[in-house]
1. Counting only residues that are in a loop (DSSP other than H, G, I, E, B) and either of a type in the set (A, V, I, L, M) or at pLDDT 65 or above (or both), how many does region 1-59 have?
2. Go over the candidates F135, F183 one by one and state the one that is under 30 Å from D60 (Cα atoms), open to solvent by 60 Å² or more (accessible area, probe 1.4 Å), out of contact with any Gly (no Cβ under 9 Å at 6 or more places or on another chain) and not basic (K, R).
3. Within region 142-180, take every residue that is open to solvent by less than 60 Å² (accessible area, probe 1.4 Å) and at pLDDT 90 or above and give me the one that is nearest to T94 (Cα to Cα).
4. Please work out which residue is nearest to N7 (Cα to Cα), limiting yourself to region 42-69 and to residues that are hydroxyl-bearing (S, T, Y) and open to solvent by 60 Å² or more (accessible area, probe 1.4 Å).
5. Which of the residues belonging to region 76-126 are under 30 Å from L184 (Cβ atoms), modelled with pLDDT of 95 or more and surrounded by fewer than 16 Cβ atoms within 10 Å (Cβ to Cβ)?
Amino acid sequence: TAGGRWNFEVKDMDLNTSSYIPNFVTGLLPPPARTGTSTERIFSNGPSGDITFSYKPTDDRLFFLKYSRGYKGPHINGLVLNAQQQSEDNEALTDPVEPEKVDSLEFGVKTSWFDNQLTVNGAVFYYDYQDIQIFQLRNSAGALPVNQLINADDADIYGAEIEIRTHPLYGYAPESIDGLELFLSFGWLNSKYTEFLNTLSYI
């Protein structure tokens, strides 16, 4: 089985800001002391979808292998309060980030035993992110630190999971309790940034 789509996005952001200096004598706000305007337009397109290969040797056994391609369009950092605000290295905090893409591969099995009284399912998976979008706390020139949306170049996630479901009393106990169900699940996950330069500045 397979499916897919093509993503096309156009995004606009107009950021207009004004800074006021309050008059502590009269308690009134004077006209804006500083104003700023920032306009961004970004275009993006890319594919996403998945394909799954399944093999069912018996009615109680299913093996599958699945590949997926994920796509998340570019974004503009909407947390910046001043359109003219820049980081300490003179970068505009409203610069858009690149699209985020992920390739994933999953192999799993679904089984049923003893006339469906025991079910065992398990899978192993791997995700490979490119240009993953994250927030980073950045120092800004003449203002408080802000969360800036940036791209980390590459990140990997891999792990495994298993779940077991059983009705141990079915057919062996009174009807009032033979529907007892036990469920056990376990998951293991490992994730890391494989390419990400994080720079901290101190004054």
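1. 7
2. On the way: F135 fails: under 30 Å from D60 (Cα atoms).
Every option except F183 fails the conditions.
3. Applying the filter and picking the extreme gives D154.
4. Filtering region 42-69 for residues hydroxyl-bearing (S, T, Y) gives 44, 48, 52, 54-55, 58, 67-68.
Cutting the leftovers down to open to solvent by 60 Å² or more (accessible area, probe 1.4 Å) gives us 54-55, 58, 67.
Values: S54: 27, Y55: 31, T58: 39, Y67: 18 Å.
Here the residue is Y67.
5. Residues satisfying the conditions are L105, F107, V109, T111, V120, G122, V124, Y126.
The values are calculated or read from the model by the stated rules, or taken from the named source; none is laboratory data. All values derive from a computational prediction rather than experimental measurement. FYI the Cβ positions are ideal-geometry reconstructions off the backbone, even for glycines, and counts take in every protein chain you see. When the accessible area is computed, the model is the full protein with side chains, heavy atoms only, and any ligands, DNA or RNA have been set aside. Shrake-Rupley method; radii C 1.70, N 1.55, O 1.52, S 1.80 Å.
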